[in-house]
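To start, the structure itself, in structure tokens.
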Amino acid sequence: MRSWFNLDLLDPNDPFEIDERNRPHLYKHLPVAEDRYVSVGVEDILDVYLYGDPMYEPGDEEHAADWIMIGEAPGIVLAVPLAPPRKPDPSKCRPIGLDSATEEERGRHRRWVMRP
């Protein structure tokens, strides 16, 4: 049985391990908002984490991501798969993708933000 990294141990200000191996994957798929491509990058992932009311859904057993972080960057809801760090540091995780959230994910995030 797979064990997921602990989200509660992430550094509150600098949680992401980003290097030459995962950086290209963060630019591979430009998100789409209102039928237009939106230029996003590493700074937007941090914005989602810090200010975007992120919610986390478990990744599935077959993929590298332990969690999918779903949250808002200015003008768009993003989905960011998060994997364990390569270096043994429980305060970090590796974003391994960046894409616009699906309509279903946006709906779940909207309900998450509106929770009491």
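Here are the numbers for this structure:
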read-out	value
Positions within segment 96-116 being surrounded by fewer than 12 Cβ atoms within 10 Å (Cβ to Cβ) and touching a Gly at 6+ places or on another chain (Cβ under 9 Å), in sequence order	none
Residues (touching a strand residue (DSSP E or B) at 6+ places or on another chain (Cβ under 9 Å) and over 17 Å from D14 (Cβ atoms)) located in segment 84-110	I96, G97, L98, D99, S100, A101, T102, E105, R106, R108, H109, R110
Among residues of segment 20-39, those that are over 19 Å from R94 (Cα atoms) and basic (K, R), counted	1
Single residue of N6, N22, N13 found to be buried (at least 16 other Cβ atoms within 10 Å of the Cβ) and among the polar types (S, T, N, Q)	N22
Complete set of residues in segment 16-31 that are touching a strand residue (DSSP E or B) at 6+ places or on another chain (Cβ under 6 Å), modelled with pLDDT of 90 or more and in a loop (DSSP other than H, G, I, E, B)	E17
Residues satisfying the stated conditions in segment 58-95, i.e. surrounded by 19 or more Cβ atoms within 10 Å (Cβ to Cβ) and not in a strand (DSSP E or B)	A65, D66, P84, K92
Single condition E104 does not satisfy, out of (1) part of a loop (DSSP other than H, G, I, E, B); (2) at pLDDT 90 or above; (3) charged (D, E, K, R)	(1)
Qualifying residue in segment 59-73 (condition: of a type in the set (G, A, S), over 23 Å from R108 (Cα atoms) and free of Cβ contacts under 8 Å to residues at least 40 places away in the same chain)	no
Filter pass, D44 being touching a Ser or Thr at 6+ places or on another chain (Cβ under 6 Å), over 21 Å from R111 (Cβ atoms), surrounded by 12 or more Cβ atoms within 10 Å (Cβ to Cβ) and not β-branched (V, I, T)	no
Positions within segment 32-57 being under 28 Å from R115 (Cα atoms), outside any helix (DSSP H, G or I) and under 13 Å from the mean Cα position of the chain (by Cα), in sequence order	V40, G52, D53, P54, M55, Y56, E57
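The values are calculated or read from the model by the stated rules, or taken from the named source; none is laboratory data. Given the structure is predicted, the values throughout are model-derived calculations rather than measurements. Backbone-built Cβ (ideal geometry, glycine too); neighbour counts: all protein chains shown.
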